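Scroll down for the structure; my scribbles are underneath it.
Read-outs throughout are calculated quantities, based only on the coordinates presented, and are distinct from any laboratory measurement. Source: prediction; values computed, not measured. FYI the Cβ positions are ideal-geometry reconstructions off the backbone, even for glycines, and counts take in every protein chain you see.
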Amino acid sequence: MKLDPAVIEAAIRAVLAEMPSTGTDAAPTQRSEGDGVFADMGDAVEAAHRAWREYLTKSLADRRRYIAAIREAMLRPEHLDKMSVDAVMQTGMGDVADKYLKNKVAAELTPGVEDLETSAWSGDDGLTTVEYSAFGVIGAITPTTNPTETITCNTIGMLAAGNAVVFSPHPRARDLSVWQVQTINRALREAGAPENLVVTVAEPSIENTNKMMEHRKVQMLVATGGPGIVRTVLKSGKKAIGAGAGNPPVVVDETADIDHAAKCIVDGASFDNNLPCTAEKEIIAVDAIADLLKFHMVQHGAYELSAEQVKQLEGLILGERGAATEWIGKSATAILEGIGVEPPAGVRLLVCEATKEHPFVQVELMMPVLGLVRAPDVDAAIDLAVELEHGNRHTAVMHSQNVSKLTKMGKLIQTTIFVKNGPSFTGIGIGGEGFTTFTIAGPTGEGLTRPRSFARSRRCVLVGDLNVR
Ligand code: NAD
């Protein structure tokens, strides 16, 4: 059972208030300049460029130490508390306990320098190597939904590959992003790194993001966000990575362990109040097991909405262009209260039967509200999942014991992440094997980004020597 976020927040605040001061790192958020924060975007880029030139002179051992220092700083309990509490308070979205976990895995499971494997050929003509080398200064645009997780993950990956980075955070996460960049800079300074390897501006804005994208010393752009910003970076004329929106379907067929599937869907779709781009956004259930699935989902913390409640909810959580911003990332209990329903204890997810045309199925709501569509059989369910994923190539989930059908869905849906028989968050390494990332690049094909995604491939050829075979 999940605790009320307000209770968790109050408890964390109480613990923080009791803690002895740990110096400037734990100081209240302030929008000051210095420690990587600049008033002017041009100055920020120039500083990052100078830092990158100096970074070129450092050894790989140095890089490893800097990455270790970033991980250590982001994993300090008081910093994890601050990032999870303040992200919810400043953006008005998400769940404190889940954000704590996301921030922790971002610092622990993002790969470092070890990801940069060298390829080599040796023979009569000598030795040729291909190495992953830095782009230079990367401009990274970060979302409201994972503000600090993305900065941690991108910083580790981009610095591991030898780059400097200029962040353009979402203005709603401004204060926390500024604090995080400053905290990272202090940790890097203590580890002996060049000043300003990670920078941002005191007042992030669309105008500043545009300045960053146009600056000639920014060699690569990485956009983690919705379709608008992904389109913008792809039109920039620079090397760009686009990590865009998803609408992950979850298919449940008649061979699945239905109780397990129900628990996984409630866990995955309620995680951080459904903010992750990877979270289950609609359910497609084979007719024969749909009632049983709903029964078990309710046992695991879902609430089934009546037709009348669905109508009320449409008026509340839908805006003119999809989801109403003020309800994105709100808890199931808050949303129920919004339509005047007293939430039963332990409710984490709202579910309703819907047609495939319904906005609770079609739209990336980023709320713990899921439409469930019935399909006559597993093949029809897979076809519908492909349609509802909208070609985002992002994430899909399937619960089945039929290996052929799992394979069929994997092939047809073409998503970057395909989770079988688990909650969606296993796809980014939370309870599943593999590394983590918070920048999942479906449109441009890098997939789950890692240090090598932020590197150029460069060949060095030595003719005639160093072949000892
Ligand atoms: P958003 O697109 O509103 O904002 C993302 C970033 O882009 C912000 O920093 C914002 O300030 C900036 N931005 C947006 N439009 C811009 C423009 N015209 N010019 C300059 N900057 C602009 O998205 P959001 O609400 O912050 O995040 C949620 C969206 O991001 C969802 O669609 C979600 O699926 C997606 N997302 C994708 C991934 C991924 O890895 N694929 C990860 C997290 C979020």
Distance violations [Cα-Cα > 18 Å] among LYS281/LYS420; LYS104/LYS330; LYS102/LYS239: LYS104/LYS330; LYS102/LYS239
Full-extension gain between GLN299 and ALA324, please, as 0.36 nm times their residue separation minus the C-alpha to C-alpha distance. 6.1 nm
Whole-Hz ³J(HN,Hα) from phi, Karplus 6.51 cos²θ - 1.76 cosθ + 1.60, for the range 295-306, glycine and proline x: 4, 5, 4, 4, 4, 9, x, 8, 10, 8, 7, 6
For ASP125 and ARG459, extending 7 Å from Cα along the Cα-Cβ vector and measuring point to point gives, in nm, a value of 0.8
For LYS58, give me every one of the lysines with a C-alpha distance below 22 angstrom, ignoring sequence neighbours fewer than eight places off in its own chain. LYS217
Between SER133 and ALA191, how many nm apart are label points set 7 Å from Cα along the C-beta direction? 2.4
Counting Lys and Arg as +1 and Asp and Glu as -1 over every other residue whose Cβ sits under 14 Å from the Cβ of LEU388, the net charge comes to -3
Backbone N within the range 389-405 under 16 Å of label point (7 Å from LEU292 Cα along the Cβ vector): 399-402
Residues of the range 367-389 with backbone nitrogen within less than 18 Å of a virtual label 7 Å along the Cα-to-Cβ line of THR355, please, listed as ranges. 371-376, 384-385, 387-388
So how long is each side of the chain along the principal axes, counting just the alpha-carbon atoms, biggest first, in Å? 69, 61, 37
For the chain, with +1 on Lys and Arg beta carbons and -1 on Asp and Glu, the positive-most of ALA134, ILE430, GLN180 along the dipole: ALA134
Give the order of TYR132, TYR66 when sorted by the count of other beta carbons within 10 angstrom, beginning with the fewest. TYR132, TYR66
Determine, for LYS311, LYS356, LYS281, LYS330, the number of other Cβ atoms within 10 Å of each Cβ, and report the residues in order from fewest to most. LYS311, LYS356, LYS330, LYS281
Please report the spacing between the Cα centers of the range 262-315 and the range 39-91 in Å, no decimals. 38
Distant-in-sequence amide H partners of ARG456 (H built 1.01 Å from N, under 5 Å): SER133, ALA134, PHE135
If you project the alpha carbons of the range 342-469 onto their three principal axes, what span does each projection cover, largest first, in Å? 75, 35, 26
Spin-label model distance (nm) - GLN414 vs ARG231, 7 Å beyond Cα toward Cβ: 2.0
Looking only at the chain, where both bridge partners belong to it, what percent of the DSSP beta bridges are antiparallel (to the nearest 5)? 30
Long-range tail of P(r) for the range 52-101 (Cα pairs > 18 Å, %): 49
How big is the convex hull of the Cα atoms of the range 249-428, per residue, in Å³? 98
